[in-house]
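Colleague: The structure is given below, and queries will be raised subsequently.
The values are calculated or read from the model by the stated rules, or taken from the named source; none is laboratory data. Just so we're clear, the structure is a prediction, and the values are computed from it rather than from any experiment. Cβ placement follows ideal geometry from the backbone for every residue including glycine, while neighbour counts extend to all protein chains displayed. Note: accessible area is taken over every heavy atom of the protein model, side chains too, but ligands, DNA and RNA are not part of it. Shrake-Rupley method; radii C 1.70, N 1.55, O 1.52, S 1.80 Å.
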Amino acid sequence: MKKIILMMSLLLLFVASCGKEFSVDVDGKGKVPKFELKELNSNKTVDSEKIMNNGKKTLMIVAAEWCPHCKEELPEVQKFYDANKDKVNVVVVFTNSQTNLGKTQTYVKDNGYTFPAYFDENGAITRGFAVDGFPYNLKINNGKVEEKLELPVDFDSLTASFAK
């Protein structure tokens, strides 16, 4: 009986997780489908459409707390966020790759980052956007990928990109 319950539980878990996968054609400037973002410092989930389809352009970054390039970029992203939060959505999604939620929360807190931060706890966002390295920076406009931003980004390059 225990084996049957275990097998049914695993099957249910598999079926439930399959529905959350998505794919974005970043190079073809594809449409960004609806997906859920888990807030870094709470158990709340946020519907991506509420953030990315509100009439403002979106800077979406997939980062890692252990990534040296991310550590260089994120202070610049914070400056950009402070200067443009009323004009541009900033979404920083931290990966679960080679880290965990606690380490990521500590990193964000220790650095005083106040930009909206999320955690990709099951890797769905990393897979959905076919992230091939960190940081991974996208400009999204009207629910579609407009541009994959060249690395590294800084305040000036972000300002110029979002002025277009």
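Colleague: How high is the FRET efficiency from K44 to T99, r the C-beta distance, R0 22 Å, rounded to 0.05?
Modeller: 0.60
Colleague: Residue-wise, which Karplus ³J(HN,Hα) couplings in Hz belong to the range 129-142, taking 6.51 cos²θ - 1.76 cosθ + 1.60, θ = phi - 60°, and x for glycine or proline?
Modeller: So the Karplus estimates, Gly and Pro as x, are 9, 6, 5, 10, x, 10, x, 10, 10, 10, 9, 10, 9, 6 Hz.
Colleague: A further question on this structure: Of all trypsin sites (Lys or Arg not before Pro) in the range 49-89, which ones are in loop regions per DSSP and have a Cβ with at most 12 other Cβ atoms within 10 Å?
Modeller: K87
Colleague: Right, here's the next one. I'd like the antiparallel share, as a percent to the nearest 5, of DSSP beta bridges with both residues in the chain.
Modeller: Of those bridges, close to 60 percent are antiparallel.
Colleague: Can you pull the percent of the chain's accessible area that's carbon plus sulfur, 1.4 Å probe, other chains left in place?
Modeller: 55
Colleague: Put a dot 7 Å past each Cα toward the Cβ at K164 and E76; how far apart are the dots in nm?
Modeller: 1.6
Colleague: Now, a different point. What is the extension gain from K34 to E121, computed as 0.36 nm multiplied by their sequence separation minus the C-alpha to C-alpha distance, in nm to one decimal?
Modeller: Full extension from K34 to E121 adds 29.6 nm.
Colleague: How large is the charge dipole for the chain, taken about the Cα centre, if only the Cβ atoms of Lys, Arg (+1) and Asp, Glu (-1) carry charge, to the nearest 20 debye? Intermediate values should be presented prior to the final figure.
Modeller: Values: 22 positive and 22 negative charges, 132 e Å.
It works out to roughly 640 debye.
Colleague: Which number do you get for Rg(Cα) / (2.2 N^0.38 Å) in the chain?
Modeller: For the chain, the normalised Cα radius of gyration is 1.10.
Colleague: Run lengths n ≥ 4 of DSSP H only: what is the helix-derived mean residue ellipticity at 222 nm for the chain, with -39500 (n - 2.57) per run over all residues, to the nearest 500?
Modeller: -11500 deg cm²/dmol
Colleague: If you build a Gaussian network model of the chain, linking Cα atoms that sit under 10 Å apart, which residue out of A124, A64, A83 swings the most?
Modeller: Answer for the Gaussian network model of the chain: A83.
Colleague: Please enumerate, by chain and number, the aspartates and glutamates with C-alpha under 20 Å from the C-alpha of K103, excluding those fewer than 8 residues away in the same chain.
Modeller: Correct list for K103: E39, E65, E72, E73, D120, E121.
Colleague: Please sort through the DSSP H helices of the chain and keep those with an alpha-carbon extent of at least 20 Å along the long axis and a Kyte-Doolittle average not below -0.5.
Modeller: 2-18
Colleague: Additional query: Once you keep just the Cα pairs under 8 angstrom separated by 6 or more residues, what percentage relative contact order results for the chain?
Modeller: 31
Colleague: Keeping all protein chains in place and using 1.4 angstrom, which order do D82, D156 fall into by accessible surface area, from largest down?
Modeller: Ranked from most to least accessible, the order is D156, D82.
Colleague: Could you give the accessible area per residue of the chain, probe 1.4 Å, as a whole number in Å²?
Modeller: Accessible area per residue: 57 Å².
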